[in-house]
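Each remark here refers to the structure printed beneath this line.
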Amino acid sequence: MAASRRDFIKLAGFSVAGLCFGGPTGCATTAPVNGQGTAGKRWALVVDLRTPCPEGCTACMKSCNLAHNIPQWDDIKHEIKWIWKEPWEHVFPEQVHSYSTAALRELPVPVLCNHCDNPPCVRACPTKATFKTASGIVAMDQHRCIGCRYCLAACPYGARSFNWLDPRERLEEQGAALSRDFPTRTKGVVEKCNFCSERINDDASALPYCVEACREACSRHGREPVLHFGDLHDPSSPLLALLRESGANTIRRKPEIGTRPHVFYLV
Amino acid sequence: MFYDAGKIFTGLAIFLVGATFPFWYAMAAGKTAYKPEPVFPTSTSQCVESTEQMIAGHMEILDDWRNEVVRRSDREPIEINGTAYPKSLSRGCGNCHADQTQFCDRCHEYAGVSPYCWECHVEGD
């Protein structure tokens with residue numbers, strides 16, 4: 001039977017109507033969770049910018065680089081960054097307007113992986129090399145990374161770096177003493193902040209290296225630290241109190257895209 | 001006798017020497033039928049599992065550890081004779097088998113496997 005034009009249009013109409021019911025359901029709003037080891041926790045980080053970082057302070061970056069065997073490249077194209085500082089106008093471009101002062105625009109703000117609740121990188125990864133742990137960390141399994149860099153493209157915060165060149169060689173060139181506590185990476189894999197999984201999972205009172213270094217540096221300056229870390233699912237956590245009771249405005253980067261970052265900024 | 005016997009036998013001799021060259025060469029280099037001799041730890045006598053299980057299945061143990069640690073955030077240390085060791089290539093296995101070149105590599109060279117783990121994992125001091 002040859003379908004008439006009329007039959008065809010009817011069928012097409014029904015097909016489109018069908019989409020209303022069985023429509024695409026593949027869009028989960030939360031990435032599936034992997035692992036039970038630390039279930040029940042929700043690690044988060046607060047950057048308290050009410051008093052900005054001491055001028056020129058790099059304590060957080062230095063301790064992170066050292067602990068995680070992160071090489072320093074001169075060419076910014078090769079840079080590997082876990083935690084670093086960006087000017088305010090790059091971190092919160094939507095908060096800047098024609099009357100913003102230069103001081104605010106240029107204010108250095110610590111940035112790192114946001115360990116989103118709804119991480120686009122996790123959805124983009126074709127090998128599940130990047131995944132979400134039960135305690136909310138967006139983790140990397142370097143053993144599975146094939147270097148496709150889809151996650152780099154997917155991350156709205158530029159929090160991922162690709163090893164274009166051999167990091168081990170560079171570390172040796174720099175004369176850095178390799179830490180045995182954390183493997184280096186190789187050329188061809190992506191890496192990023194891991195919220196110091198290797199530390200905080202062993203010992204609930206342990207802090208990420210950056211937070212620890214920030215505390216020390218700030219106490220030397222006789223002031224409160226900028227970085228705070230804790231478990232948001234623990235009702236007695238000081239982090240929760242800081243977010244709820246400090247009276248400061250708590251903001252996240254690019255809230256409008258629905259990634260639900262777990263790095264909060266107090267301003 | 002055969003026709004052109006001289007040429008045939010010279011040819012055969014050259015062929016035999018060529019075909020058996022690897023054996024001569026290995027003999028000359030003193031590498032025939034050697035057994036790998038990994039250097040064992042002296043401080044302890046017990047590995048993660050029995051010796052047989054380790055020889056046959058150490059790569060699977062490493063695989064399990066890696067999945068538990070990296071993917072399931074389960075870093076609960078293992079215990080050998082009352083001492084806790086982290087489930088780690090460098091800090092677990094490496095704690096007892098400190099020199100990878102004297103232990104792992106000796107077997108692996110012999111067996112013709114070259115695990116790429118140490119491109120990232122930092123070997124012992």
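List of remarks:
- As a calculated quantity, the FRET efficiency between B:GLU79 and A:ARG244 at R0 = 35 Å, using C-beta atoms, amounts to about 0.25.
- Around the Cα centre of the protein assembly as shown, unit charges on the Cβ atoms of Lys, Arg, Asp and Glu (plus for the first two, minus for the last two) sum to a dipole of about 1540 debye.
- Cα point-scatterer Debye curve for segment A:191-267, base-10 log of I(q)/I(0) at q = 0.18 Å⁻¹: -0.92
- Inter-part distance, segment A:114-172 to segment B:41-73, computed on C-alpha centroids, equals 27 Å.
- Here the label points at A:GLU79 and B:GLU119, each 7 Å from Cα along the C-beta direction, are separated by 2.6 nm in the simple model.
- Anisotropy class of chain B from Cα gyration tensor, a/c 1.5 cut: prolate
- Sorted largest first, the spans of the alpha carbon positions of the protein assembly as shown along the three principal axes are 107, 84, 45 Å.
- For segment A:40-266, the relative contact order comes to 32 percent (Cα pairs under 8 Å, sequence separation of at least 6).
- Between A:LYS132 and A:ASN34, A:ALA139, the built amide H atoms are under 5 Å apart, and every one of these is 5 or more places off in sequence or on another chain.
- Whole-Hz couplings from phi, Karplus 6.51/-1.76/1.60, listed for segment A:48-58; x for Gly and Pro: 8, 9, 4, 10, x, 4, x, 4, x, 6, 10
- Measuring nothing but alpha carbons in segment A:69-150 and taking Rh as the Kirkwood radius, the Rg to Rh ratio lands at 1.06.
- Residue among A:GLY230, A:TYR157, B:THR83 farthest towards the positive dipole end of the protein assembly as shown, charges placed on Cβ: A:TYR157
- Axial C-alpha extent at least 20 Å, average Kyte-Doolittle at least 0.0 - helices from chain B (DSSP): B:5-19
- A cut-off of 5 Å between modelled amide H atoms, ignoring neighbours fewer than 5 places along the same chain, links A:LEU227 with A:ASP48.
- Violating pairs (Cα-Cα greater than 26 angstrom) within the set A:LYS187/B:LYS35; A:LYS41/A:LYS77; A:LYS62/A:LYS128; A:LYS81/A:LYS187; A:LYS62/A:LYS187: A:LYS187/B:LYS35; A:LYS41/A:LYS77; A:LYS62/A:LYS128
- Which of A:PHE131, A:HIS68, A:ALA248, positive extreme of dipole for segment A:40-266 (C-beta unit charges): A:PHE131
- Cα gyration tensor shape of segment A:40-266, rounded if a/c is under 1.5, else prolate or oblate by comparing a/b with b/c: rounded
- Global geometry of segment A:117-213, whether rounded, prolate or oblate, following the gyration tensor of its Cα atoms and the 1.5 cut on a/c: oblate
- Under the Karplus curve 6.51 cos²θ - 1.76 cosθ + 1.60, θ = phi - 60°, whole-Hz ³J(HN,Hα) for segment A:96-106, x wherever Gly or Pro sits: 9, 9, 4, 9, 5, 6, 4, 4, 5, 3, 9
We did not get these values from a lab; they are worked out from the coordinates using the rules stated. Just so we're clear, the structure is a prediction, and the values are computed from it rather than from any experiment. Here the Cβ is made from the backbone with ideal geometry for all residues, glycine too, and neighbour counts use every protein chain on show.
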